[in-house]
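Here the structure comes first, spelled out in structure tokens, and everything after it is commentary.
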Amino acid sequence: MQRRFAARWARTAAGNASVADATSRVATLLARPPEMMTPGLMLSVLRGPRRPPLTADEAIAQFPAVEALLQAFEAVPSADVAGMRM
């Protein structure tokens with residue numbers, strides 16, 4: 001049960017700034033753990049993430065520089081390992 005709740009908390013924190021902020025503040029010892037158990041945060045976590053998780057392509061599309069870098073990497077022909085000398 002605890003694992004499922006922790007997993008739900010992490011998924012919710014990925015899309016909810018208040019949950020992410022509370023998690024960060026407790027993890028960096030700026031706040032005490034009971035601050036993560038406020039009614040508002042608990043309700044947010046029980047409701048779950050606001051959106052379904054992104055696919056890898058959707059996540060990469062959010063960052064055009066990374067997308068361009070990946071496309072450039074895919075365009076480079078792979079080296080012939082058998083023909084290389086060590």
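Computed values, structure above
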{"quantity": "Cβ pairs under 7 Å, 6+ apart, first in segment 54-77 and at pLDDT below 80, second of a type in the set (G, A, S)", "calculated": "E67/A61"}
{"quantity": "Total residues in segment 24-47, condition modelled with pLDDT under 90, surrounded by 13 or more Cβ atoms within 10 Å (Cβ to Cβ) and not aliphatic (A, V, I, L, M)", "calculated": "1"}
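The values are calculated or read from the model by the stated rules, or taken from the named source; none is laboratory data. All of these numbers come straight from a predicted model, not from anything done at the bench. Cβ sites come from the backbone with ideal geometry, for glycine too, and all protein chains shown count toward neighbours.
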